[in-house]
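Working notes, structure below.
The values are calculated or read from the model by the stated rules, or taken from the named source; none is laboratory data. Here the structure is a predicted model, which means the values were calculated and not measured. Virtual Cβ from ideal backbone geometry, glycine too; neighbours counted across all protein chains shown.
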Amino acid sequence: MRLLASTDFALRILMLLASRPLGVPVSVEMLARELGGLSRHHLHKIVQDLNGLGITRTMRGTSGGVLLAMAPAEIRLGHVIMQLEQEQAMAECFRPDAAGCTLLPGCRLRGALSGAQKHFYEHLDGYTLADVAVGEREAK
């Protein structure tokens, strides 16, 4: 499976946030710098998606920024990826209209792919953000 670029960046954002002291926000500018110059616009969109999932939250003001809304050990990778990728069709036959597939309804590949996708998410649910965080948290 190939993740969307936005999902890849979302995971990197979460990993960076998990490496910081809990409750200390990280500025969007710092995140953009640490992510190799990701545009602020793209970064804001990804953070907005993570906020919508309840994984991060933002604080306004001069000492504001982005922070995790829960402990890294509570954030399951499979769940995060599944939520961020839910609008993406794995193959043409997974699209709601399935217009590009001429083999439906007799095709059996869809079931095999669906099972693989399920196992992919289940495997990743065996890992939390704490398992993959960059560096170690400092004591608060």
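Being farther than 19 Å from A130 by Cα and in contact (Cβ under 8 Å) with a residue 24 or more places away in the chain holds for only one residue in V80, V28, and it is V28. Which of the residues belonging to region 1-17 are of a type in the set (S, T, Y) and surrounded by fewer than 17 Cβ atoms within 10 Å (Cβ to Cβ)? Matches in region 1-17: S6 only.
Pairing residues of region 33-54 that are outside any helix (DSSP H, G or I) with residues that are surrounded by 14 or more Cβ atoms within 10 Å (Cβ to Cβ) and not aromatic (F, W, Y), at Cβ distances under 6 Å and at least 6 apart in sequence or on separate chains, gives L35/R12; L38/A32; L53/Q83; G54/A69.
For M90, the criteria (1) within 19 Å of Y127 (Cβ to Cβ); (2) modelled with pLDDT under 90 hold in every case but one, which is (1). Within region 1-32, being more than 23 Å from K118 (Cα to Cα) and outside any helix (DSSP H, G or I) holds for S19, R20, P21, L22, G23, V24, P25, V26, S27.
Residues in region 58-76 include at least one that is exposed (fewer than 12 other Cβ atoms within 10 Å of the Cβ) and among the small types (G, A, S).
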